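Q: Shown below is the structure under consideration.
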Amino acid sequence: MHAARQEANENCKYLSTLKELFNQLLDPARDLPQLAEPFVAIMHTILLIWTYSQYYNTPSRLVVLIREICNAIISQCVNQVDKESIFAAIKGEQPKEAYDKLAQALDVCSKFKDAYFEYKAKANNQWKITTNALFVRLDAFSERCQDMMHLTHTIIQFTKLEKIEIGSTKGKALTDSVKQIHQEFIEEVEKFTALEYEIMDIEQRQFDDDFFQFRCRIKELERRLASVLTQGFDDCDTIIAKFKLLDSFEGLLNRAIIQDELEKKHITLLELYKQDLKTVQSVFLEGKALIEKNDERAPISNNMPPIAGSLDWTLGLLERIREPMDRLSQLSQAIREREEYKDVQKLYHSLCKHLKEFQDFKIKQWEASVEENTEEKLNQFLLVKEESDTIPEGILSVNFDPVLVRLLREVKYLLLQEIEVPERAQKLYEKVDVYRTQSGNLELIVNMYNDILATLLPVEKPLLRDRIKSMNDCLQPGIDTLRWNSDTIDSFINQCMGLVKDVDELVKKMKENVRQMLESMKKWEKPLFERKNKPSQPDDLEQIHSAAVMGRHEDIRQDSKEILRLFKETTDAIRPEKKSAEWAAYQDYVNTLIIEGITRGINASMINLGENISIEYNKNSGKAAIFYVSVSLISREVVFDPPIRSTQLTVNDRGSGVRDIIHRILEGFIDVAIQVTRVDIGNGDYLVEIKDQFALLGSLQNISSHLDEMERETDAFIGRY
């Protein structure tokens, strides 16, 4: 009794050192990752007890202690990873959360075993105990965790089937098959989660049978899924489409059954990719030949310069072959050891080498041209003048060499492709905005200058002789002094821009004023004589016509005032020498335009009147007569009222015949010339000039012919009586 009491007291003394550590292990507030924190301390204390205790240093006692610790670990893990929490996460569509917790529980078990084996080694091989005797329950619990991790991982993988859509010709039928497989999988999961016992209790042996049945059913679904996948694979036309199909099933491809089925298709992938490599090789050789010949059929984008376009094209070919190769290199080791894979790999590396050599060649070729051309082109003058048949002074153009434009475009696109460019080209490109602004402003100046000289009439140009000379003097340094690497380009541009712009605005003002004059005179071409829908008495006709003509004459006088205003505006803008021959010539030019406008207006009215009094026109038009003419038989004579012929006996006499009425209407037409004030002297009119206009004489002759015809017809009418 004494010995037993002494042993018990000593054991209690030594084991009490573990009390605080066991309290930490059994603390319900600890999360799974925290459970492993006291393991090293526990094993260290147990080793000290084994070393210094007189009684508690036998294998049997150590087995009991380790088993109890394992039971405590299992109990703590089950408290946090039990049936309810796992199934709740699965039903809440969060299987990843359950998977992570199971992984933590498995990690806790593994860390305890690691701590045991670490201190077993420190015990100098005194712990001669079989592992099974210690960890049988802990290993069983670890295996249960692994089974449940397999379940949750399978759920995570199969959940992706819900959103899979397969394309190509059989896509709809295959997609329906995938959805059916997914639905059956959900039913199997629901059946498993309906188990009533605690699945994490290792004493529940029924779990092994239930889990085996679940796995068998899942394998059957995997076989069906593998069949769908292979059908979809065969239905895809291109290798990229096949890889995209595999991407949509990512996560499921590592499952053994599906992986075994797909390995049969990997050879097909290799063959397809090999054919694609040969196609790219053929495209490259053909395109390379076209590029070297600068053929318009060269495979370069329309908006890209030659070098950058060539590099972009080869980069596209590289990207085309690189992605499939990267994907093929991730296949199983068995596939990568096949001769077919090695042949494809060899062809791929060879093609990549040729593409990169071509890229390097084009870059070096361009770099050589940069060194050769840059300084020479920047040393050219800003502007160049060329002879022209239409402009005696010559056509001015901006002399920014196209080689520099191409070089700047090349640098822009090469930098976008992250390709290093020569230092000289880089420095040139740093000023690209400066060159763009300068050349753009010079283009504006040159366009205005050329437009001024091209649009000025011979009668206008002498009036701007001094201004044109000032422009030429201002622009001359750009032709024979300033170069693109000069420092005073901006000040030159500012000076020329102001001067040329002023002249351009003056010329546009002159042209616009003339245009508005012509626009005003265009309104005069509306006929002054307006035929009514019913005939009237001759006197009434004349009164109505006179009133209408008076209104039109007033409108013409207002237009004349506007023309005078526009002419004065031009005069004030030009500020000419009033007595110079050049100004007199310009006045004659404007007078000619006005005379032509008056002539067109009068002639339009005459033509209209001639048409309305034409016998042929009146027979066919169906219109009412212009005015009434009565026919009477007086003293055996046929008398017309009003008379057809003129009754005017003297110059001052107002005749009443039809010819007299028509002549008075014509006088109203001619009076248009009186309404327009001369622009050269500011008063007077254009009547004298108008009377000599050949067009009007022809129209008067036409009207007189119609009147003569009218008189002949009436004479014939009288002759019948």
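We did not get these values from a lab; they are worked out from the coordinates using the rules stated. If you're wondering where the values come from, they're calculated on a predicted model, not measured in any experiment. Every residue, glycine as well, gets a Cβ built from its backbone with ideal geometry; the counts of neighbours run over all protein chains shown.
Q: Which GluC sites (Glu not before Pro) from the range 639-721 combine a DSSP loop assignment with at most 10 other Cβ atoms within 10 Å?
A: none
Q: Based on the Kirkwood radius over alpha-carbon pairs, what value in µm²/s does the Stokes-Einstein equation return for the translational diffusion coefficient of the range 312-393 at 4 °C and 1.567 mPa s?
A: The estimated diffusion coefficient comes to 74 µm²/s.
Q: Rg and Dmax in Å for the range 324-471, alpha carbons only: what are they?
A: Reported Rg and Dmax, both Å: 27.2, 93.
Q: Still on this model: Find, among the GluC sites (Glu not before Pro) in the range 373-447, those assigned to loop by DSSP (not H, G, I, E, B) with at most 13 other beta-carbon atoms within 10 angstrom.
A: Glu387, Glu418, Glu420
Q: Across the range 526-719, how many lysine pairs separated by 8 or more positions, or lying on different chains, have Cα atoms within less than 26 Å?
A: 14
Q: Give me, ordered by chain and number, the residues 5 or more places off Leu383 or on other chains with an amide H under 5 Å from its own placed amide H.
A: Long-range HN contacts for Leu383: Asn399, Ile479.
Q: In whole angstrom, how far apart do the alpha carbon centroids of the range 313-378 and the range 526-553 sit?
A: Each part's Cα centre sits 90 Å from the other's.
Q: Sticking with this one: Just the C-alpha atoms of the range 472-614: what Rg/Rh do they give, with Rh taken as the Kirkwood radius?
A: 1.27
Q: For the range 51-184, state what percent of all Cα-Cα pairs lands in each successive 10 Å bin, counting from 0 Å until the bin that includes the largest distance.
A: Cα pair-distance distribution for the range 51-184, in percent: 11, 30, 21, 16, 11, 7, 3, 1, 0.
Q: So which GluC sites (Glu not before Pro) in the range 194-251 are both in a DSSP loop and have at most 14 other Cβ atoms within 10 Å of their Cβ?
A: Sites meeting the loop and neighbour criteria: Glu196, Glu198, Glu203, Glu250.
Q: Residue by residue through the range 13-25, what is 3J(HN,Hα) from phi via Karplus (6.51 cos²θ - 1.76 cosθ + 1.60, θ = phi - 60°)? Round to whole Hz and write x for glycine and proline.
A: 4, 6, 5, 4, 5, 8, 4, 5, 5, 5, 4, 5, 5
Q: Any chance you could tell me what percent of the C-alpha pair distances in the range 526-719 go past 29 Å?
A: Pairs farther apart than 29 Å: 36 percent.
Q: Moving to a separate point now. Return the Rg/Rh value of the range 589-680, two decimal places, where both radii are evaluated on C-alpha atoms and Rh is the Kirkwood radius.
A: So for the range 589-680, dividing Rg by the Kirkwood Rh gives 1.12.
Q: What percent of all Cα-Cα pairs in the range 346-385 falls into each 5 Å bin, going from 0 up to the bin containing the maximum distance?
A: Computed distribution, short to long bins: 5, 19, 14, 13, 12, 10, 8, 7, 5, 4, 2, 1.
Q: Suppose we keep just the DSSP beta bridges with both residues in the chain; what percent of those would be antiparallel, to 5?
A: If I count the DSSP bridges inside the chain, around 90 percent turn out antiparallel.
Q: Can I ask one more? Using packing as a proxy for protection, rank 572-581, 486-495, 558-567 so that the peptide with the highest average count of other Cβ atoms within 10 Å comes first.
A: Those peptides, ordered most packed to least, come out 558-567, 486-495, 572-581.
Q: For the range 674-689, just list the computed ³J(HN,Hα) in residue order, Karplus coefficients 6.51, -1.76 and 1.60, θ = phi - 60°, integers in Hz, with x standing in for Gly and Pro.
A: Working through the residues one at a time gives 6, 6, 9, 7, 5, 8, 6, 10, x, 8, x, 9, 10, 5, 4, 5 Hz.
Q: While we're here: Once the mean 1/r over all distinct Cα pairs of the range 96-250 is inverted, what Kirkwood radius in angstroms do you read off?
A: Final number for the Kirkwood radius of the range 96-250 is 18.6 Å.
Q: Averaging sequence separations of C-alpha pairs under 8 Å and six or more residues apart, then dividing by the length of the chain, give the relative contact order as a whole percent.
A: Here the relative contact order equals 7 percent.
Q: Then there is this: Using the eigenvalues of the Cα gyration tensor, what equivalent ellipsoid semi-axes result for the range 161-240 when each is taken as the square root of five times the eigenvalue, whole Å, largest first?
A: With the √(5λ) rule applied to the range 161-240, the semi-axes are 35, 12, 8 Å.
Q: May I have the extent of the alpha carbons of the chain along their three principal axes, as whole Å values ordered from largest to smallest?
A: 183, 75, 56
Q: Where Rh is the Kirkwood radius over the Cα pairs of the range 658-721, the temperature 37 °C and the viscosity 0.692 mPa s, what D in µm²/s does Stokes-Einstein return?
A: 234 µm²/s
Q: Post the alpha-carbon centroid distance, the range 63-93 to the range 628-659, in whole angstrom.
A: The range 63-93 and the range 628-659 have Cα centres spaced 135 Å from each other.
Q: Turning to a different aspect of this structure: Binning at 10 Å from 0, report for the range 483-529 what percent of all alpha-carbon pair distances ends up in each bin.
A: 22, 24, 19, 15, 11, 6, 2, 0
Q: Let me ask you something else. Under the rule of -39500 (n - 2.57) per DSSP H run of 4 or more residues, summed and divided by the residues of the chain, what mean residue ellipticity at 222 nm is obtained, to the nearest 500 deg cm²/dmol?
A: Per the formula, -24500 deg cm²/dmol.
Q: For Cα pairs less than 8 Å apart in space and 6+ apart in sequence, what is the mean separation divided by the residue count of the range 526-719, i.e. the relative contact order in percent?
A: Reported relative contact order: 31 percent.
Q: From the phi of every residue in the range 189-202, what ³J(HN,Hα) in whole Hz does the Karplus formula 6.51 cos²θ - 1.76 cosθ + 1.60 yield, where θ is phi - 60° and glycine or proline is x?
A: The phi angles translate into 5, 5, 5, 6, 6, 8, 4, 8, 7, 6, 5, 8, 7, 6 Hz.
Q: If you don't mind, another one. Kirkwood Rh, the range 255-378, all Cα pairs: how many Å?
A: One over the average 1/r among Cα pairs gives 16.7 Å for the range 255-378.
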